[in-house]
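The values are calculated or read from the model by the stated rules, or taken from the named source; none is laboratory data. Since this is a predicted model, take the numbers as computed values, not measurements. We place every Cβ from the backbone using ideal geometry, glycine too, and count neighbours over all the protein chains shown. What goes into the accessible areas is simple: the full protein's heavy atoms, side chains included, and nothing from ligands, DNA or RNA. Shrake-Rupley method; radii C 1.70, N 1.55, O 1.52, S 1.80 Å.
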Amino acid sequence: MNDTSHIELAMAERETPLMLVVDDDVVIRSMLKKALQNQGYDVVEAPNGSEGVELFRKLHPDIVLLDVLMPMMDGFEACTAMRKLDPERTVPIIMLTGLDDVTSVDRSFDAGATDFITKPINWSLFSQRVRYSLRTRDMDFELRKNQLRIRHALQVARLGYWDWDVRNDHFYMPPGVLEMLGINANIEKFGFAELLPLVVAEDRDRVKQVFMEARNKGQRFEI
């Protein structure tokens, strides 16, 4: 089980969402905690990015509220470290930044942030932003589960699907299809020239013809 699976499992087992607040300003941190608790959430807090990353590792929170400017480890570094623990971006990370700090907003998204909230915080909108992030996360969970179900069904049935980027001549195939075809999952380029040798020799000319007609004329085919 990978790190992301552990995170999703921890979230699924909770009855009440857990929020991680990371801010060196004790007043802001206290206000964020109170606002979240008033919405019925559980809250843990950290005074700097380093402690925030450690709590993220241990607790797998449902949402992180992360200040940009902090001692020891700033919000950008902390966000990057959290994304290394959660590479599929399972946990929404909301950055807290100054109203006119456009550069910080751009850097936040580059570091892996999901959203941002400007300071001073508009408390009347704050709860809506948090609820929206949770709802979006839940929709993402359902999508992941459906994708896993489909992948499992295809593996059991020994079926598969692929997409062909005709402009760049690149095939995208899920891991299960690569395994069925005996293709190295780490191959850098897999285009039509790499696909054709997998076809039995007597069918290659026919396969090449229908693929080229599909690419050049947009014709559908069954083969």
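Yes/no per residue for (1) in contact with a helix residue (DSSP H, G or I) (Cβ under 7 Å, 6 or more places away or on another chain); (2) at pLDDT 95 or above:
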position: GLU15; (1), (2): no, no
position: VAL22; (1), (2): yes, yes
position: GLN37; (1), (2): no, yes
position: GLU45; (1), (2): yes, yes
position: GLU51; (1), (2): no, yes
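For segment 47-120, which strands (runs of 3 or more DSSP E) that fit wholly inside it have 1 or more residues that are polar (S, T, N, Q)? Show your work before the answer.
Details: elements: 63-67, 93-98, 115-119.
Where strands (runs of 3 or more DSSP E) fall fully within segment 47-120 and carry at least 1 residues being polar (S, T, N, Q), they are 93-98, 115-119.
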Test of understanding: among ASP74, ASP106, ASP100, which residue is surrounded by fewer than 16 Cβ atoms within 10 Å (Cβ to Cβ) and over 22 Å from THR136 (Cα atoms)? ASP100
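Just name the residue that is nearest to ILE183 (Cα to Cα) out of those in segment 142-165 that are in a helix (DSSP H, G or I) and in contact with a helix residue (DSSP H, G or I) (Cβ under 7 Å, 6 or more places away or on another chain). Show your work before the answer.
In the first step, residues of segment 142-165 are kept if they are in a helix (DSSP H, G or I); the result is 142-157.
Keeping just the survivors that are in contact with a helix residue (DSSP H, G or I) (Cβ under 7 Å, 6 or more places away or on another chain) gives 151, 154-155.
Details: ARG151: 17, LEU154: 17, GLN155: 15 Å.
Applying the filter and picking the extreme gives GLN155.
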If I ask for residues that are outside any loop (DSSP other than H, G, I, E, B) and open to solvent by less than 50 Å² (accessible area, probe 1.4 Å), which ones from segment 175-196 would you list? GLY176, VAL177, LEU178, PHE192, LEU195, LEU196
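Conditions tested, residue by residue: (1) in contact with a helix residue (DSSP H, G or I) (Cβ under 9 Å, 6 or more places away or on another chain); (2) loosely packed, with under 11 Cβ neighbours inside 10 Å; (3) under 30 Å from VAL64 (Cα atoms).
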position	(1), (2), (3)
ARG131	no, no, yes
THR136	no, no, yes
MET139	no, yes, yes
MET173	yes, no, no
LEU198	yes, no, no
GLU213	no, no, no
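Return the residues of segment 35-46 that are open to solvent by 10 Å² or more (accessible area, probe 1.4 Å) and assigned to a strand (DSSP E or B); say none if nothing qualifies.
Step one: list which residues in segment 35-46 are open to solvent by 10 Å² or more (accessible area, probe 1.4 Å), which gives 35, 37-45.
Of everything in segment 35-46, those that are open to solvent by 10 Å² or more (accessible area, probe 1.4 Å) and assigned to a strand (DSSP E or B) turn out to be ASP42, VAL43, VAL44, GLU45.
How many residues are under 16 Å from VAL166 (Cα atoms) and part of a helix (DSSP H, G or I) when one looks only at segment 200-221? Write out each step before concluding.
Of all residues in segment 200-221, those under 16 Å from VAL166 (Cα atoms) come to 207-221.
So of that shortlist, the ones also part of a helix (DSSP H, G or I) come out as 207-217.
Counting residues in segment 200-221 that are under 16 Å from VAL166 (Cα atoms) and part of a helix (DSSP H, G or I) gives 11.
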Any residue in segment 160-177 that's in contact (Cβ under 8 Å) with a residue 60 or more places away in the chain: show its pairings with residues that are aliphatic (A, V, I, L, M) at Cβ separation under 6 Å, as long as the two are six or more apart or on different chains. none
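I'd like to know if segment 88-104 contains one or more residues that are polar (S, T, N, Q), closer than 22 Å to PRO17 by Cβ and out of contact with any Cys (no Cβ under 6 Å at 6 or more places or on another chain).
We begin by selecting, within segment 88-104, every residue polar (S, T, N, Q); these are 90, 97, 103-104.
Next, from what is left, pick out any that are closer than 22 Å to PRO17 by Cβ: 90.
Adding the requirement that they be out of contact with any Cys (no Cβ under 6 Å at 6 or more places or on another chain) leaves 90.
The answer is yes; a qualifying residue exists.
Quick check on my filter: what residues within segment 141-161 are farther than 22 Å from LEU18 by Cα and surrounded by 11 or more Cβ atoms within 10 Å (Cβ to Cβ)? It would help to see each step written out before you state the result.
Pass one, segment 141-161, residues farther than 22 Å from LEU18 by Cα: 146-161.
Those that are farther than 22 Å from LEU18 by Cα and surrounded by 11 or more Cβ atoms within 10 Å (Cβ to Cβ): GLN147, ILE150, ARG151, HIS152, LEU154, GLN155, LEU159, GLY160, TYR161.
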